[in-house]
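Nothing in this text is a laboratory measurement; each read-out follows from the coordinates by a stated rule. Note that this is a predicted model, so its numbers are computed, not measured. Here the Cβ is made from the backbone with ideal geometry for all residues, glycine too, and neighbour counts use every protein chain on show.
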């Protein structure tokens, strides 16, 4: 009896479960079956913005197809990629480690205005005396001097026998014997016009004897650079006998890199240190800024004038020169972090770890291994200091364009007028370019120099010739300085 009851109970349980399932299905609505998840999710269609060649990413196409540049199909650029992707280049941590990417921080520093340079001593070319013969004659005696000797003022150089002076002196004595004051004064004046010194005329008048022998003396003391006479020579009027260079002052010629030319001005104080005088500092000032830079070394030449008491300083000596200047605050970055293409300068800013953005810079002076940034960066930003060329190559493939320098980051002393006017002298004219030697331009902090300008219109060169003085206006257009108006000095516009 118990054995038959267990199968019966199992059968009844199955019937109850089946009835419950059937009752639940009867209450389902037809639409409820659609609520069940589908076997596969519906794929959302992405919208294409344009097609491009990855090798020439700046060129865009409206339709897919084959690239006209490379043997490869065009790649689509989707709308969501263009909107969501920030401009820049992303580099994985593994790639950054393998490339050796280093970063540097943009810093604001107080730059000392001093410039360190090297200079060499030269003789003062303004302090030169040329000794010449004033009449025809013969060299009777040359005193014991040789080029390179230092002589004093009034030192005898050579004795000359001048027959022309003897004849003129005899005529003077004869007229003087007539006791005609007016005639005597006229003949005395004639002796002076022949080149006779007043002392010699007075000696002839006092002694009553002609003086044919005349001793030529040094008009000033200094270095006897040249001695062009020897005993027994014949001399003619105007013939140079000796050349003497004074030693009271000497010149120091200093070479300053052209990148620092704007920091140099006339009258600027300088300190000189010579290896021959350790611990001693000589003071001088900038006497001249030469108008031409050295084409070989790309340096600007300065001339300092230094007193030389006791003739301690010798021509040819070298010195370390420190030019003082005003201090200024500026943003500086390592020079190695900047990519300079000739037309522009770029740096890659770190927006996030592994995310780099190119920024175009406006640069100032170069100070050793640092560059001054006038526009484009802010203090505290981090930029790529190594491997930036590889990142730049990747940015070029992706079509990432550098942003222009921010106007708000312009240095106060970099705000300059867009047009400049000055005067100068034409030195060369060739096609649409003219070379002009012009004066200093204070607005640009330029010293006097000779440089080439582009002509905005080749017709502006009509009537221009070398050695002609001109008035002109110019502006900076890109990397060139372009003349917009020019006329001959003194002419009507």
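The value given for segment 256-385 is a Kirkwood hydrodynamic radius of 17.8 Å, derived from the mean inverse Cα-Cα separation. With a Förster radius of 41 Å applied to the beta-carbon distance between residue 116 and residue 46, the computed FRET efficiency rounds to 0.10. Legend: calculated FRET efficiency, residue 132 to residue 171, from the Cβ-Cβ distance at R0 = 25 Å, rounded to 0.05, equals 0.55. Contact order, relative form, for segment 128-243: 51 percent (alpha carbon pairs under 8 Å, 6 or more residues apart, mean separation divided by residue count). With N set to the number of residues, divide the alpha-carbon radius of gyration of segment 128-243 by 2.2 N^0.38 Å and report two decimals. In units of the 2.2 N^0.38 Å rule of thumb, it is 1.16. Take the alpha carbon atoms of segment 141-202, find their center, do the same for segment 417-478, and report the distance between the two centers in whole angstrom. Cα centres, segment 141-202 to segment 417-478: 54 Å.
Given 0.36 nm per residue, what is the gain on full extension from residue 63 to residue 446 after removing their alpha carbon distance, in nm? All intermediate terms of the calculation are to be shown ahead of the outcome.
Details: separation 383, 0.36 × 383 = 137.88 nm, distance 5.42 nm.
Result for the pair: 132.5 nm of gain on full extension.
Translational diffusion coefficient, Stokes-Einstein: compute it for segment 416-488 using the Kirkwood radius over C-alpha pairs as Rh, at 25 °C and 0.890 mPa s, and state it as an integer in µm² s⁻¹.
Values: Rh = 12.1 Å.
Answer, rounded: 203 µm²/s.
Here's the picture: a label point sits 7 Å out from the Cα of residue 266 along the beta-carbon direction, and within segment 418-447 the residues with their amide nitrogen under 20 Å of it are 421-426, 436-447. With the simple model of a label 7 Å out from the Cα in the direction of the Cβ, residue 236 to residue 78 spans 9.7 nm. Computed on segment 216-356, with alpha-carbon pairs under 8 angstrom and 6+ residues apart, the relative contact order is 21 percent.
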